[in-house]
Amino acid sequence: MKSFTTDFRFVQTEKPLSKDIFDRCYTYVFFVRYKDINTHNKCRLKYVCRAEIYGEVCAIKFYASRDRKSDYDKYSLAHSQLPYSAIMTIFDYRITVMKEIMKKFPEVSFVFKGAEAYDPRTHRQEDEKENQRFRIYRSYLSKRVGTKTFQHSQFPDNSIYLLTNISGFEDIEDKQNRLREFLSDRFGIPLS
């Protein structure tokens, strides 16, 4: 797990604009150092991580800063030059962001949506159902996030992984059903 270094920092808190559906957003930036798998050159890529709060759920999204003005969905662009270690570094920083958000909201739950990868070179768009990013989230989160604080749920048809915070004193099944219903209503995605 990555510790706080000059490669990770909090940037700002955003309140929603009229077009936004989140209640509040915390933005972080971090840098990933790696060797390009094609050229073997040393690289440093800046990432933006957005922790968007929706009621009692937080969605953690990230994208490469260089893609922020892309013609394509910045969350879906494939980066084939990243080695496995760089991808794991990105995920480790997401865990760091989760910890930061839990300091502010101790009973928050987390949702992860595996964006359908898009490769602008080949113009290939991945299907939504159980896509590659979802499979990586499922594998990574099931190994790195325990079951003492969170109950893990997955919705492969929509490539969504939900970590329900069970540290409160309420009925866990009731809370999961409430979160599923909330996410379905807020995003128009049936979660069953």
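In the stretch 28-41, the residues that are farther than 30 Å from residue 53 by Cβ reach residues that are of a type in the set (S, T, N, Q) with C-beta atoms within less than 6 angstrom, at least six apart or across chains, in these pairs: 36/81; 37/81; 38/81.
Give 34, 47, 26 a once-over and let me know the one that is within 29 Å of residue 160 (Cβ to Cβ), assigned to a strand (DSSP E or B) and more than 19 Å from the chain's Cα centre (by Cα).
Numbers: 47 fails: more than 19 Å from the chain's Cα centre (by Cα); 26 fails: more than 19 Å from the chain's Cα centre (by Cα).
Checking each option against the conditions leaves just 34.
When the stretch 65-101 is limited to residues that are aliphatic (A, V, I, L, M) and either more than 14 Å from residue 28 (Cβ to Cβ) or in contact with a helix residue (DSSP H, G or I) (Cβ under 8 Å, 6 or more places away or on another chain) (or both), the one that is modelled with the highest pLDDT turns out to be 95.
Here residue 148 clears all of (1) modelled with pLDDT under 85; (2) of a type in the set (D, E, K, R); (3) under 29 Å from residue 175 (Cα atoms) except the condition numbered (1).
Specify the residue that is most open to solvent (accessible area, probe 1.4 Å); the eligible residues are those in the stretch 101-156 that are farther than 24 Å from residue 10 by Cα and among the small types (Gly, Ala, Ser). Out of the qualifying residues, it is 142. Residues of the stretch 104-133 that are modelled with pLDDT of 80 or more and either in contact with an Asp or Glu (Cβ under 9 Å, 6 or more places away or on another chain) or of a type in the set (Lys, Arg) (or both): 104, 105, 107, 108, 109, 113, 114, 129, 130, 131, 132, 133.
The values are calculated or read from the model by the stated rules, or taken from the named source; none is laboratory data. None of these values were measured; they are calculated from a predicted model. All Cβ positions, even for glycine, are placed from backbone atoms using ideal geometry, and neighbour counts span all protein chains on display. Heads up: the accessible areas ignore ligands, DNA and RNA and are worked out on the full protein's heavy atoms, side chains in. Shrake-Rupley method; radii C 1.70, N 1.55, O 1.52, S 1.80 Å.
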